[in-house]
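Undergrad: Okay, here's the structure, questions in a sec.
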Amino acid sequence: MRSSVTVALLLIALASSSCGDDAREADDDRASTNDDRSSISDKFDGSDDDPGSEEDCLVEESTVATAAEAYYAANGSYPSSLEALDGEYLTDVDKLTYVVDIDDDGSPVLVDDAPC
C-alpha cells in the first residue's frame, strides 16, 4: 500500500511540474501576442512615415462616420460636434488629422487638402 501511495505522489509531482512549464509557455505566447498587437496598433497611431496617405484618410473618415452612427443609435440624433464623440465613441478627437467637423447628417467634414 505504501509503495502505491509513493507512486501516486510521484505522478502528482511530475504532473504539477510539467503543468508549470505549460503555464510558462502560455505566458510567453501571450507576451508575444501582446507585442504583435502593440506593433500593429503603432501603425495606426497617426505617426507613420506617410502622414498624407489616402488609405489613412479613408480609415479616419470611416471611423468618424461609424462613431457618428453609433452616437445616433444611442441618442436619436447626430452629434453636434466632434467633441460629443470624444471619449465614449472616439478615443481622442484631438489626434484626428483629416476630419475637422461633423455635418448635421453625421457626415465627417474633411480638411481642404485631405488626400481622400
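Undergrad: Return the only residue of 35, 48, 29 being in a loop (DSSP other than H, G, I, E, B), outside the structural domain of residue 106 (by TED's automatic domain parsing) and either at pLDDT 55 or above or within 20 Å of the chain's Cα centre (by Cα) (or both).
TA: Being in a loop (DSSP other than H, G, I, E, B), outside the structural domain of residue 106 (by TED's automatic domain parsing) and either at pLDDT 55 or above or within 20 Å of the chain's Cα centre (by Cα) (or both) holds for just one of 35, 48, 29, which is 48.
Undergrad: Also: Failed condition for residue 56, given (1) under 19 Å from the mean Cα position of the chain (by Cα); (2) modelled with pLDDT of 50 or more; (3) farther than 23 Å from residue 116 by Cβ, with all others met?
TA: The failed condition is (3).
Undergrad: Then there's this: Just give me the residues in region 72-103 being over 19 Å from the mean Cα position of the chain (by Cα) and farther than 23 Å from residue 115 by Cα, in sequence order.
TA: Within region 72-103, 72, 73, 74, 75, 76, 77, 78, 79, 80, 83, 84 qualify.
Undergrad: I need every pair where a residue in region 80-102 that is part of a helix (DSSP H, G or I) has its Cβ under 6 Å from the Cβ of a residue that is surrounded by fewer than 14 Cβ atoms within 10 Å (Cβ to Cβ), sequence separation at least 6 or different chains.
TA: So the pair list comes out as 95/46.
The values are calculated or read from the model by the stated rules, or taken from the named source; none is laboratory data. These numbers come from a predicted model, not from an experiment. Note that we place each Cβ from the backbone using ideal geometry, even for glycine, and neighbour counts take in every protein chain shown.
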